[in-house]
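Step one of this worksheet: look at the structure below.
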Amino acid sequence: MEKQDLDDLMHIAERSDMSEEAKKHLLMSINKLKHTKINILITGATGCGKSSTINALFGTEKAKVGQGVNPETMDMNKFELNNIVLWDSPGLGDGKEADRRHAKNIIDKLYEKDSDGNALIDLVLVILDGSSRDLGTSFELINNVIIPNLGEDRSRLLIAINQADMAMKGRYWNVEKNQPEVELINFLNEKVESTRRRIKEATGVDVEPIYYSAGYPFSH
């Protein structure tokens, strides 16, 4: 939520007819939200469209100018937008040695604690390439790296299938309306279900994947 949105919400609360006690509680909650950092770890196999997703979220070419968190390896970048902190981690697919290093950095970040002793990462966003049929590396990342190190709160995991417009090689995507047509919607729904089932069978964890196309105002 944008800071301006929270400010507007505070003004509405202040002018409302609710009791003073309820108003005080609501204003305290809004103020706390304004100062709460939401940490998101974003990763995915090479070529999944991570940079375009980050740029779409920030509305700029921010992913190209991120500052390295670790000056030795430059393996993870950090971006901030208001109260959102985005940790950009390379995924798997860059070779065995690089994959081991990336996996270790992801696991270390998942176990990192904030100042209150809670898990630093509030949400892990794993991006899949919707235009590819070979998602073996992505499932290895999800099943063997992410899920085993999430702890008990598996709700922190979000699987997002990017490049939905290219899922059928560009067919059935309505460019004028920037949205999929029925044939593509059905294909994407099947892809979502296949992804959900594959992760469930491998890990026992239920997920609800979404699909989207970075750069287009559409999501499912």
- Residues satisfying the stated conditions in region 169-181, i.e. in contact with a strand residue (DSSP E or B) (Cβ under 8 Å, 6 or more places away or on another chain), surrounded by fewer than 17 Cβ atoms within 10 Å (Cβ to Cβ) and either part of a loop (DSSP other than H, G, I, E, B) or modelled with pLDDT of 95 or more (or both): Glu181
- Item | Of all residues making up region 41-57, the number that are touching a helix residue (DSSP H, G or I) at 6+ places or on another chain (Cβ under 9 Å) and either open to solvent by less than 40 Å² (accessible area, probe 1.4 Å) or modelled with pLDDT under 75 (or both) | 10
- Among (1) part of a helix (DSSP H, G or I); (2) modelled with pLDDT of 65 or more; (3) under 27 Å from Ser115 (Cα atoms), Ile30 falls short only on (2)
- Message: Residues to consider are Leu135, Leu184; find the one that is touching an Asp or Glu at 6+ places or on another chain (Cβ under 9 Å), farther than 17 Å from Ser89 by Cα and modelled with pLDDT of 95 or more.
- Response: Leu184
- Message: So, Ile107, is that one in a strand (DSSP E or B) and not basic (Lys, Arg) or not?
- Response: no
- Of all the residues that make up region 141-168, how many are over 12 Å from Val205 (Cβ atoms), part of a loop (DSSP other than H, G, I, E, B) and open to solvent by 80 Å² or more (accessible area, probe 1.4 Å)? 0
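The values are calculated or read from the model by the stated rules, or taken from the named source; none is laboratory data. All of these numbers come straight from a predicted model, not from anything done at the bench. Neighbour counts are summed over all protein chains in view; Cβ atoms, including those assigned to glycine, are modelled from backbone coordinates with ideal geometry. What goes into the accessible areas is simple: the full protein's heavy atoms, side chains included, and nothing from ligands, DNA or RNA. Shrake-Rupley method; radii C 1.70, N 1.55, O 1.52, S 1.80 Å.
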